[in-house]
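The next block holds one structure in the form of structure tokens; read it before the comments.
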Amino acid sequence: MTKEELVKGMNEDLAGEFQAIIMYVTYAATVTGPHRPTLKPFFSGEIAEELSHAQFLAEKISSYGGTPTMTPRPVPGAADAKQMLENVLAAERQAIRDYKLRAEQATECGDKGLATHLETIVEDETTHFEETEKILRGW
């Protein structure tokens, strides 16, 4: 694992954070139906944390000599609130998988501080995943 490969992976993670920010902003604005009073604040409440993750990644990529991506992963549309939650669940699942791998890669590169921070992000994403999963369980 080289620092260049780690930067490439962190840029993929950054694209995922941009995707999440766009999803949460859009879903909060467009969710309709009887679940809107609950889901609008749920979606809106995640934006700041995802933005924080994106800012951290962009700074770290830059400190490694890379250029942070400005392109999000594709943002899935959703026909209804349940599909929005399913899309969020899929994105969080991928983020958990990606950040676990990235933490291992950071350790391999000798950057324990980065690895530790990425493990904290895994914890954040796991909480998002579990909360979304609980909402969907009652659907």
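Every read-out reported here was derived from the displayed coordinates using simple, explicitly stated rules and does not represent laboratory data. None of the values given here were measured: they were computed from a predicted structure. We place every Cβ from the backbone using ideal geometry, glycine too, and count neighbours over all the protein chains shown.
Would you confirm whether or not the stretch 98-105 contains a residue that is of a type in the set (Phe, Trp, Tyr), over 25 Å from GLY138 (Cα atoms) and within 16 Å of the chain's Cα centre (by Cα)?
Step one: filter the stretch 98-105 for residues of a type in the set (Phe, Trp, Tyr), giving 99.
Remaining after also requiring over 25 Å from GLY138 (Cα atoms): 99.
If we keep only those that are within 16 Å of the chain's Cα centre (by Cα) too, we end up with 99.
Checking the stretch 98-105: at least one residue is of a type in the set (Phe, Trp, Tyr), over 25 Å from GLY138 (Cα atoms) and within 16 Å of the chain's Cα centre (by Cα).
Among the residues of the stretch 2-19, are any within 25 Å of TRP139 (Cα to Cα), in contact (Cβ under 8 Å) with a residue 12 or more places away in the chain and not charged (D, E, K, R)?
Kept after step one, since they are within 25 Å of TRP139 (Cα to Cα), are these residues of the stretch 2-19: 19.
After this cut, where a residue has to be in contact (Cβ under 8 Å) with a residue 12 or more places away in the chain as well, the list is 19.
Applying the additional criterion that residues be not charged (D, E, K, R) yields 19.
Yes, some residue in the stretch 2-19 is within 25 Å of TRP139 (Cα to Cα), in contact (Cβ under 8 Å) with a residue 12 or more places away in the chain and not charged (D, E, K, R).
Within the set of pairs 6 or more residues apart or between chains, which connect a residue that is farther than 12 Å from THR26 by Cα inside the stretch 77-89 to a residue that is charged (D, E, K, R) with Cβ atoms less than 7 Å apart?
So the pair list comes out as LEU89/GLU133.
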